[in-house]
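One structure is given below, encoded as structure tokens.
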Amino acid sequence: MPASFCGTWDIISNVNFEGYMIALGIPRPIRKIALKLKQRKVIEQQGDQYIIKTVSTFKNYTTSFRVGQENKEFTKGLDNRHVESLVTWEGNKLVCEQTGEKKNRGWAHWIEEDKLHLELYCEGEVCRQVFKKKVKGEEE
């Protein structure tokens, strides 16, 4: 069984986020703001449903899914597109393939040591993010 993804995770590394946002077609002014933000992931599991919230001082985004079930998703707050998402386990990775206007789009989450890793990809661009679990009582 893969490690639990549940908890609050603060970003500590963000490589090629701008390249990924360009591939999504996000306008330059919004990219410039997004690059300065410190993202936080809040991951919950309720039964067989996962809820992943991406939180920042500028925009928040929430997605929910059941592993192995196709899901229609509107990426409101990101690139505002309709996609079909399918999340599966590949070993210890939670992998999402998204089909829609953009080619080769999706993401993968996994835990390595005590860090949450996230790869976001779209049309050949790959963004690699690393998050550290927030310990209760830590300052904001």
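The figures follow:
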item: Heavy-atom accessible area per residue - segment 31-88, 1.4 Å, Å²; result: 60
item: Vicinal HN-Hα couplings computed from phi for segment 12-28 (Karplus, 6.51 cos²θ - 1.76 cosθ + 1.60; Hz; Gly/Pro x); result: 10, 8, 8, 9, 6, 5, 5, x, 5, 5, 4, 4, 6, x, 6, x, 3
item: Proximal lysines relative to K38, as straight alpha-carbon distance under 27 Å, when same-chain residues fewer than 8 apart are discounted; result: K53, K59, K76, K93, K102, K115, K132, K133, K134, K136
item: Extended-chain gain in nm, criterion 0.36 nm per residue less alpha-carbon gap, V67 and D114; result: 14.6 nm
item: Spatial separation of Cα centroids for segment 49-68 and segment 84-139, in angstrom; result: 11
item: Summed side-chain charge close to G19 - residues other than G19 whose Cβ falls under 12 Å, Lys, Arg +1, Asp, Glu -1; result: -1
item: Counting all C-alpha pairs of the chain, share separated by more than 22 Å (%); result: 35
item: Charge dipole magnitude, Cβ of K and R +1, D and E -1 - segment 1-120, Cα centre, debye nearest 20; result: 700
item: Over the chain, relative contact order from alpha-carbon pairs under 8 Å, at least 6 apart, %; result: 26
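The values are calculated or read from the model by the stated rules, or taken from the named source; none is laboratory data. Because the structure is a prediction, the values reported are computed rather than measured. Counting neighbours? That spans all protein chains shown, and the Cβs are built from the backbone with ideal geometry, glycine included. Accessible surface areas use protein heavy atoms only, side chains included; no ligands, DNA or RNA. Shrake-Rupley method; radii C 1.70, N 1.55, O 1.52, S 1.80 Å.
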